[in-house]
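Asker: This structure is in structure tokens; I'll ask about it shortly.
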Amino acid sequence: MLIPGPLKKPPKPGDGDGAGPAERLKETPADLVGWIDERTGGASFLTGMLYRKVPKGTTWFYTLGSATLFAFVVQAVTGVFLAMYYTPSATQAYGSITHLTNDVFLGEFVRGMHVWGASLMIILIWLHMARTFVFGAYKYPRELNWVIGVVLLILTMTMAFTGYLLPFDQRSFWASVVGININGTGPVLGPYLSDFLRAGPDFGATTLSRFYAIHMMLIPGAIAALIGAHLYLVAKLGTTAPPWLKVESEPELREQEV
Ligand code: HEM
């Protein structure tokens, strides 16, 4: 298999590098990776990530985080295509969405992927959180990753909330009015939050621009950065073993346990 040198599994001590001359020749085209690695040192992080040890007994439940990541990437890609046709103006937003849906090649399909993908991402993120909770993966030393996860959850739900207004039809308009009013009932910060979301005391054209900016730039950027931190910690701290896995400690160690 053609694996660029810098990304190969590190050899065990005394094993050599495991590659004969013919093997090395096959890998010459992949030297580009070596060129980049010499200048960035990124391969050691990637090697650590790709060859990290995972505990015995990991199941499909452990794929929910990656599934959430995939849903986020789908949302980002389809969102870019939607943005090519969408006009964030109170008078033109609805028309631009109708045009995208009815006239643009594959427009309805891409819009459908984005709308259904949003619900899917919400379902997946909750399931992923439930998995980490039930498996006790939030405990020491992964508390910080749990906290980052909670922020990711809030940001993902805010994405759904701000995206809902963008078609600017009757349903999305009134649903957002209700949503903002609910935010306004929160203690202390509630009224400030709803003023911020409305972009003033009244719901109108500036609200749409604000939601669009939050939905398009602020939150996706923050989510991407936090996913980076989240995955760094996953690679650094390793994966939590399933709770039903028996602890295989030495008898003499067990005696030391209090
Ligand atoms: C955009 C949202 C998120 C993405 C893309 C994401 C991605 C991932 C991935 C790929 C993993 C490693 C594989 C796995 O265990 O499933 C992981 C692990 C983890 N995630 Fe998330 N996650 C997200 C949100 C959350 C949320 C909402 C929480 C909890 C509040 C959370 C808490 C954790 C914890 C504690 C781990 C470590 C699991 C372990 O050690 O077994 N994540 N995440």
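The values are calculated or read from the model by the stated rules, or taken from the named source; none is laboratory data. None of the values given here were measured: they were computed from a predicted structure. So basically every Cβ, Gly included, is an ideal-geometry build from the backbone, and we count neighbours across all protein chains shown. For accessibility, only protein heavy atoms count, side chains too; no ligands or nucleic acids. Shrake-Rupley method; radii C 1.70, N 1.55, O 1.52, S 1.80 Å.
Asker: Considering only protein heavy atoms and a probe of 1.4 Å, how much of the accessible area of the chain is carbon and sulfur, as a whole percent? Please report the intermediate quantities before stating the final value.
Answerer: On the way: 11700 of 16890 Å².
After summing per-atom areas, the C and S share lands at 69 percent.
Asker: Between the DSSP loop rule and a limit of at most 16 other Cβ atoms within 10 Å, which chymotrypsin sites (Phe, Trp or Tyr not before Pro) in segment 82-111 are left? The partial results should precede the final answer.
Answerer: Working: sites: Y85, Y86, Y94, F105, F109; in loops: Y85, Y86, F105.
Hits after loop and neighbour filter: Y85, F105.
Asker: Any chance you could run the full-extension gain for E38 through A160? It's 0.36 nm times the residue separation minus the Cα-Cα distance, nm to one decimal. Don't jump to the answer; show the numbers that get you there.
Answerer: Details: separation 122, 0.36 × 122 = 43.92 nm, distance 4.14 nm.
Value of the extension gain: 39.8 nm.
Asker: Next up: Between K8 and T91, with labels modelled 7 Å along Cα→Cβ, what's the label distance in nm to one decimal, could you check?
Answerer: 6.6
Asker: Using 0.36 nm times the number of residues separating A235 and A175, minus their current alpha carbon distance, what extension gain do you get?
Answerer: On the way: separation 60, 0.36 × 60 = 21.60 nm, distance 4.01 nm.
Between A235 and A175, full extension yields an extra 17.6 nm.
Asker: Let me ask something else about it. Just to be sure I understand the rule: take each whole DSSP H helix in the chain, project its Cα atoms onto its long axis, keep it if the span is 30 Å or more and its mean Kyte-Doolittle hydropathy is at least 0.5. Which ones pass?
Answerer: Counting only whole DSSP H runs, the qualifying helices are 107-134, 143-165.
Asker: Set the Förster radius R0 to 35 Å, insert the Cβ-Cβ distance between L218 and K53 as r into 1/(1 + (r/R0)^6), and round the FRET efficiency to 0.05. Provide the component values of the computation, followed by the final result.
Answerer: Numbers: r = 37 Å, r/R0 = 1.06.
Plugging the Cβ-Cβ distance into 1/(1 + (r/R0)^6) gives 0.40.
Asker: At V151 and D195, where each label point lies 7 Å from the Cα along Cα→Cβ, what is the point-to-point distance in nanometres?
Answerer: Taking the two extended label points, one gets 2.6 nm.
Asker: Assign unit charges at the C-beta atoms only (+1 for Lys and Arg, -1 for Asp and Glu), then state the dipole size of the chain relative to its Cα centre in Debye, rounded to the nearest 20.
Answerer: Dipole magnitude for the chain comes out near 180 debye.
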